[in-house]
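Notes for the one structure printed next.
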Amino acid sequence: MSEYETIQYEMQDNVALLTLNRPERRNAMNRELNRDLLAGFERAAGDDQVRAVLVTGAGKGFCAGADLAMFQSQPTGDQVYEIIVSSYQPMMEAVTRMKKPVIAAVNGVAAGAGASLALACDLRVMAHDASMMMAFSNIALVPDAGATWFLTRLVGYSRAYEIAIEGNKIAAERCLELGLTNKVVPAEQLEMISFAWARKLAERPTLALGLTKQAMQHAHLNHLASTIEFEALLQKQTIPSHDFMEGVMAFIQKREPEFQGK
């Protein structure tokens, strides 16, 4: 029996696979799923054996967004505020702060907060029949769960605003054109191709990959001089690492490096 109520957590070849597991609700987010996802991400972050993370959805959809059934009646503004701040904020920060690459394998629809989750991941692979949808404006809401932060950084203000206010379903190929996904693959090969990519990244120097993630996030918010200094500070952590020495020796010896992730 799984130790989580609404997700499956597996580890194979140094890859943690987190599967949203509410297929009867298209993996819509409720308090239990938000809780389990946060716990899963924190577990992966704290496990030195995990060197890459893959997130996907069980059944026919990645995540349909917030499950409005969690509210027995029309929610109050305070109730929604509390869920966004106490559930979505720590979850998205757990993904973006994780010092390991995180890949979303998007099957079916990623809508609302589900799209935010996919966009929070470092990399995305979409099935050819998958789609993303910023559905918030369709029920007169503002994008949340970090959607505005992720969208504007990925596609720029004007395109992000268009996506948010029109609320249209964006097909996988269009997501690829816009830069919302890295790859589009046949639906029947989504799991295989996504896991192969995650496993390949798990063989890379994990410390360097995590610090590269930090450097790029810093660069989004700071000027050039600050960014270069931050890169230099991070480099002080890579120089004494096992993987740096292994990479140099492998280069000199003209062989493939065997990184240990430290």
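Values quoted throughout were computed directly from the atomic coordinates according to the rules given, and no laboratory measurement underlies them. Since the model is a prediction, treat every value here as computed from it, not as a measurement. Positions of Cβ are backbone-derived with ideal geometry, glycine not excepted, and every protein chain shown enters the neighbour counts.
If you look for lysine pairs in the chain that are eight or more places apart or on different chains, how many of them have Cα atoms under 23 Å apart? Taking the chain as the scope, the lysine pair count is 22.
Amide hydrogen proximity for Val109: with H placed 1.01 Å from N in the peptide plane, the residues at 5 or more positions away or on another chain lying under 5 Å are Phe62, Cys63, Ser131. Among the GluC sites (Glu not before Pro) in the stretch 1-55, those located in a DSSP loop and surrounded by at most 16 other Cβ atoms within 10 Å of their own Cβ are Glu3, Glu5. Can you give the FRET efficiency to the nearest 0.05 for Asn222 and Arg97, using r as the Cβ-Cβ distance and R₀ = 22 Å? According to the calculation, E is roughly 0.85. Prolate is the label for the stretch 206-252, because the ratio a/c of its alpha-carbon gyration tensor axes (a ≥ b ≥ c) is 1.5 or higher and a/b is greater than b/c. Look at the dipole of the chain built from charges on Cβ: of Thr227, Ala160, Leu17, the Cα furthest out on the positive end belongs to Thr227.
In this structure, the amide hydrogen of Asn30, modeled 1.01 Å from its nitrogen in the peptide plane, lies closer than 5 angstrom to those of Asp67, counting only residues at least 5 positions away or on a different chain.
What's the magnitude of the charge dipole for the chain around its Cα centre, counting Lys and Arg as +1 and Asp and Glu as -1 at the beta-carbon? Answer in Debye, nearest 20.
Working: 25 positive and 30 negative charges, 92 e Å.
In total the dipole reaches around 440 debye.
Taking the number of Cβ atoms within 10 Å of each Cβ as an exposure proxy, the fewest-first ranking of Lys169, Lys236 is Lys236, Lys169. 3J(HN,Hα) along the stretch 185-202: 10, x, 4, 6, 10, 4, 4, 5, 5, 5, 5, 4, 5, 4, 5, 5, 5, 5 Hz, from the Karplus curve 6.51 cos²θ - 1.76 cosθ + 1.60 with θ = phi - 60°, whole Hz, x for Gly and Pro.
Fully extending the segment from Glu24 to Glu173 would add 51.0 nm, taking 0.36 nm per residue of separation and subtracting the current Cα-Cα distance. Fewest neighbouring Cβ atoms within 10 Å first, the residues Thr76, Thr238, Thr148 line up as Thr76, Thr238, Thr148.
Using a Förster distance of 45 angstrom, determine the FRET efficiency expected from the C-beta separation of Leu233 and Gln89, and round it to 0.05.
Once rounded, the FRET efficiency stands at 0.95.
Does a label point 7 Å from the Cα of Lys60, set along Cα-to-beta-carbon, have any residues of the stretch 185-201 with amide nitrogen under 19 Å, and which are they? Residues 187-191 fall inside that zone.
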